[in-house]
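The values are calculated or read from the model by the stated rules, or taken from the named source; none is laboratory data. Keep in mind it's a predicted model, so treat the numbers as computed, not measured. Cβ: placed from backbone, ideal geometry, glycine included. Neighbour counts: every protein chain shown. Surface areas here come from the heavy atoms of the whole protein model, side chains and all, with no ligands, DNA or RNA. Shrake-Rupley method; radii C 1.70, N 1.55, O 1.52, S 1.80 Å.
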Amino acid sequence: MGPHPAVAAIRLAVRRVLHDVLVAHSAASSSPTPSASSSPSSPSSPSSPFSPSELSGPSGLAGPSSPAASPPARPARSARSASALRRSAPRADAPLVLAACSGGADSMALASALAFEAPRLGLRAGGVTVDHGLQQGSDARAAEVADRMRSLGLAPVEAVAVSVGRGGGPEAAARDARYAALDAAAERHGAAAVLLGHTRDDQAETVLLGLARGSGTRSLSGMAWVSGTGGRYRRPFLQLDRHTVREACLAQSLPVWEDPHNADPAYTRSRVRHEALPILEKALGKGVVEALARTAQLSRDDADALDAWAARAEAEVMTTAPAAAGGAQAVHLDTGGLRGLPAAVRRRVLRRAAIAAGAPAGSLFARHIEEVDRLITGWRGQRALNLPGRVEVRREGGRLVIRQG
């Protein structure tokens, strides 16, 4: 008898991501410029110990919603794949994958699936838990979570204490401190990837938060499957709902910790989770979470295409490359070329240019770019604009000049 369906679902999701990590690591080791055939998205790469059919899951398990991304039906397991699953412990120089674990149901399910699947693919598996220091006894809680990961067989495992600032609000500050700690841990241990336990429900909440801010397509695209420097962060559970992940913990008798902050209405995400989404589902019917997650993927596809277009357009309208002038970066753009671009592309070019000139990306908002855009589309002799990071934008004849200082 096989594992519980929820356990099978989380293991399959992690297995697919580990396969991609293996392929990417193999391609990077064998060639400085991997060919298309050895891309991490290619499931038929010879470096994988699984065939495409062996990586697909049993019928009825949650998986990618797009037909193009859905795996083929799973045939009976071959003797070759069975022997692959029984391979010996990973070598000391095998790629290391870390699970970021808070002790909650999502991340404990992730840690358990990683501990089960990684050795079967010849990978090493470890874990990191971050102590934000925001609650009394958080250090003891972090040590307990680290012990739980070790009991699953993960190694190395460490608990990292961080100091949370105040910039951008408590949620953003905690997130920044957490990712900085995870980045440092990955560097210390030479990890090939860090897995995060975000689920489809988390994705839906992220889309709603972006919608409430009035942000653009990129914000509505939510969290990416792969993100971070060199594709460090991977999110295996983005197509799995929170209920499935929690059910997997129950089926395995995994102890979990419920963070009281997740139910604290002082936090925006908590209000979205416990108030906004239930109201939407009551008014619109079930399926809101799935629809929002699907919106994220569609928005990401659109945003990626527009960003690629903007990168090409920027090269065409830039009259001089960014150059140091008196210690300040300067970008010169042709206003005629900019005017001929679609608004979505033009504003992306302007944002890219402002960041290249020194404006902090996190402080550059839509209203800033709209004002810069008016220097192109509604020119009436306006004065220069000041952007975050001491960046100045002015129009000089047929050029838009963006410089710092």
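Rounded to whole numbers, the Karplus 3J(HN,Hα) couplings from phi for segment 261-271 are 5, 5, 10, 7, x, 5, 9, 4, 4, 4, 5 Hz, using 6.51 cos²θ - 1.76 cosθ + 1.60 with θ = phi - 60°, and x at Gly and Pro.
Sequence-distant contacts, meaning Cα pairs under 8 Å at least 6 residues apart, place the relative contact order of segment 250-405 at 18 percent.
Computed over segment 327-405, the percent of Cα pairs more than 21 Å apart is 16. Each of Val130, Gly165, Val194 was scored by the projection of its Cα onto the charge dipole of segment 122-222, and the greatest displacement toward the positive side belongs to Val194; charges sit on the C-beta of Lys, Arg, Asp and Glu. Taking label points 7 Å from Cα along the Cα-to-Cβ direction, Arg188 and Asp147 give a separation of 2.0 nm. For segment 93-221, the percent of C-alpha pairs falling in each 10 Å distance bin, counted from 0 to the bin holding the largest distance, reads 13, 38, 33, 15, 1. Residue ranges 8-18, 260-270, 387-397, 202-212 sort as 8-18, 202-212, 387-397, 260-270 when ordered by packing (mean number of other C-beta atoms within 10 Å per residue, highest first).
In this entry, segment 274-320 is assigned a mean projected area of 4.9 nm², taken as a quarter of its C-alpha convex hull surface. The peptide list 183-196, 371-384, 341-354, put in order of mean Cβ contacts within 10 Å with the highest first, becomes 341-354, 183-196, 371-384. 3J(HN,Hα) couplings calculated from phi for segment 191-204 with the Karplus curve 6.51 cos²θ - 1.76 cosθ + 1.60 (θ = phi - 60°) are, in sequence order, 6, 6, 7, 10, 8, 10, x, 5, 9, 4, 5, 4, 5, 4 Hz; Gly and Pro show x. The portion of the accessible surface of segment 159-231 made up by carbon and sulfur, rounded to a whole percent, is 53 (1.4 Å probe; DNA, RNA and ligands excluded). Whenever you get a sec, compute what percent of the accessible area on segment 234-336 sits on carbon and sulfur atoms (1.4 Å probe). About 56 percent, which is the carbon plus sulfur part of the accessible surface. With the Kirkwood sum run over all distinct C-alpha pairs, segment 150-237 has a hydrodynamic radius of 14.8 Å.
Please give the per residue volume of the convex hull enclosing the alpha carbon atoms of segment 357-403, rounded to a whole number of Å³.
Taking the convex hull of the Cα positions in segment 357-403, it is 65 Å³ per residue.
Take every pair of alpha-carbon atoms less than 8 Å apart whose residues are at least six positions apart; their mean separation over the length of segment 364-405 yields a relative contact order of 28 percent. For segment 113-254, give the share of DSSP beta bridges that are antiparallel, in percent and rounded to the nearest 5; count only bridges with both residues there. Given both bridge residues lie in segment 113-254, the antiparallel proportion sits at roughly 20 percent.
How big is segment 253-405 by the Kirkwood estimate over distinct Cα pairs, in Å?
For segment 253-405, the Kirkwood estimate is 18.4 Å.
About its Cα centre, segment 265-405 has a charge dipole of approximately 380 debye under the convention of +1 per Lys or Arg Cβ and -1 per Asp or Glu Cβ, with nothing else charged.
Using Cα-only point scatterers and the Debye equation, what is log10 of I(q)/I(0) for segment 219-263 at each q in 0.33 Å⁻¹, rounded to two decimals? One equal scatterer on each Cα of segment 219-263 leads to -1.07.
Residues whose amide H lies under 5 Å from that of Gln404, counting only those 5 or more places away or on a different chain, are Gln329, Glu392; hydrogens are built 1.01 Å from N in the peptide plane.
Taking label positions 7 Å along the Cα-Cβ direction at both Ala308 and Ile279, the computed distance is 4.0 nm, reported to one decimal. Annotation: amide H of Ala161 within the under-5 Å range of Asp131, sequence separation 5 or more or interchain, hydrogens built in the peptide plane.
Sequence-ordered 3J(HN,Hα) estimates for segment 370-384 from the Karplus curve with 6.51, -1.76 and 1.60 and θ = phi - 60° stand at 4, 5, 5, 4, 5, 5, 9, 8, x, 5, 9, x, 4, 6, 5 Hz, glycine and proline given as x.
Given R₀ = 45 Å, FRET efficiency for Ala251-Ala361 by Cβ-Cβ distance, to 0.05? List each step's numbers first, then the result.
On the way: r = 42 Å, r/R0 = 0.94.
Once the sixth-power term is evaluated, E becomes 0.60.
Give me the percent of Cα-Cα pairs in segment 199-283 that sit more than 16 Å apart, rounded to a whole number. So the pairs more than 16 Å apart make up 65 percent of the total in segment 199-283.
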